[in-house]
1. Where in region 70-189 are there helices (runs of 4 or more DSSP H), lying fully within it, with 3 or more residues that are open to solvent by less than 50 Å² (accessible area, probe 1.4 Å) and of a type in the set (D, E, K, R)?
2. Are any residues in region 161-186 at pLDDT 90 or above and over 18 Å from residue 110 (Cβ atoms), and if so, which ones?
3. Please go through region 44-59 and pick out each residue that is surrounded by 17 or more Cβ atoms within 10 Å (Cβ to Cβ) and of a type in the set (A, V, I, L, M).
4. Could you check residue 194 against (1) open to solvent by 20 Å² or more (accessible area, probe 1.4 Å); (2) over 30 Å from residue 94 (Cα atoms); (3) part of a helix (DSSP H, G or I) and say which number it fails?
5. How many residues does region 262-307 contain that are open to solvent by less than 50 Å² (accessible area, probe 1.4 Å), part of a helix (DSSP H, G or I) and more than 17 Å from residue 173 (Cα to Cα)?
6. Would you check which residues across region 248-262 are of a type outside the set (Gly, Ala, Ser) and under 15 Å from residue 196 (Cα atoms) and list them?
7. Between a first residue in region 56-68 that is β-branched (Val, Ile, Thr) and a second residue that is exposed (fewer than 15 other Cβ atoms within 10 Å of the Cβ) and modelled with pLDDT under 90, which pairs have beta carbons less than 8 Å apart while being 6 or more apart in sequence or on different chains?
8. For region 4-29, which positions are among the aromatic types (Phe, Trp, Tyr) and without any contact (Cβ under 8 Å) to a residue 12 or more places away in the chain?
Amino acid sequence: MDGAERYSIGDLARRTGLPVKTIRFWSDRGIVPPTDRGPAGHRRYDAAAVARLDLVRTLRELGVDLPTVRRVVSREVTLAEVASAHADALTAQIRLLRSRRAVLTVIARRGAGPSEADLLHRLAGLAARERRRLVDEFLDAAFGDLTGFAGIRRSLTPEPADDPDDCQIEAWVELAELALDPEFRAGLRRLAEQHAADRAGAEGVRRDVVAVVREEVAPALAAGVEPASPGADAVLARVADRYARLCGRPDDAGLRRRMLDRLRAARDPRRERYLKLLSVVNGWPPPESLAPVLDWSIRALHARQHLA
């Protein structure tokens, strides 16, 4: 005997707040062995056992399994090594749980059925390489064999963060689903082909009719000019004149039909949704909605040309 104070299991329970059966269980497995035994054979523990119990409780509350706890208290591995390994494991688990929560949020918001829920779940779980392949296939379908679209392609490329927040996870799931939508792919391809055809009319042209409309129509819209009113004539004339010069074509009925066709294609709400989701995924500022200026321009063309 070393003369130091000894504690019974009951004493340890009162000092640590742990149940007696828990201390006995850990003691039986050699994690907190008794220091010695009393005359009646009861287990007794020294002051170091109190500190060890506190460490064991902390590790168990942090999710460390008992075999690993025993290795730590036996000094087979350092506490720092175990903490690092478990921190990494928890990081992966947290990412998985956040991904699942994002999918469930989207499913609940949409009222999705089983097949859609399965697709959303698979999209959320894609590895980085699989995500890149999906994005590349989507952008190849839109721009793959067209020249001069490298900048536009980059501007439409999602770059998910290594540690995305909940909003970015939800946005990625919806964006990936859009990228797989055959109709959306076809619509984006049509826009690209139209833009390529317009650029072919004049050397070095890079702007498109949507950019022209945004610059010319936004002030009229802000001023409250109605698209069917006489005040809109000059606005539409400026738009048509600039577009004609960009395409290298005369401003005639054919050009305005061409312009209307492009504006209709650009008005696809899925395109605007994609851009909004893209800004969330990439951490960019929210994009400006072009729906008002596109709607104004389409209505103005209809009012003057009676095009269906």
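The values are calculated or read from the model by the stated rules, or taken from the named source; none is laboratory data. Predicted, not measured: the structure shown is a model, and the values here were computed from it. Positions of Cβ are backbone-derived with ideal geometry, glycine not excepted, and every protein chain shown enters the neighbour counts. Each accessible area value is taken on the protein alone, full model and side chains, heavy atoms only, with ligands, DNA and RNA left out. Shrake-Rupley method; radii C 1.70, N 1.55, O 1.52, S 1.80 Å.
1. Details: elements: 79-110, 114-124, 128-143, 150-155, 166-179.
In region 70-189, the matching helices (runs of 4 or more DSSP H) lie at 166-179.
2. 168, 182, 185, 186, listed by residue number.
3. Once the filter is applied, which keeps residues that are surrounded by 17 or more Cβ atoms within 10 Å (Cβ to Cβ) and of a type in the set (A, V, I, L, M), region 44-59 yields 49, 53, 56, 59.
4. Unmet condition: (1).
5. Restricting attention to region 262-307, the residues satisfying the condition of being open to solvent by less than 50 Å² (accessible area, probe 1.4 Å) are 262-263, 265-266, 268, 274, 277-279, 281-282, 290-291, 293-294, 296-298, 300-301, 303, 305, 307.
Checking the rest, the ones that are also part of a helix (DSSP H, G or I) come to 262-263, 265-266, 274, 277-279, 281-282, 291, 293-294, 296-298, 300-301, 303, 305.
If we keep only those that are more than 17 Å from residue 173 (Cα to Cα) too, we end up with 262-263, 265-266, 291, 293-294, 296-298, 300-301, 303, 305.
So the answer is 14.
6. As a first pass, look at region 248-262 and keep what is of a type outside the set (Gly, Ala, Ser): 249-252, 255-262.
Within region 248-262, 249, 258, 259, 261, 262 qualify.
7. 68/77
8. In the first step, residues of region 4-29 are kept if they are among the aromatic types (Phe, Trp, Tyr); the result is 7, 25-26.
Result: 25, single match.
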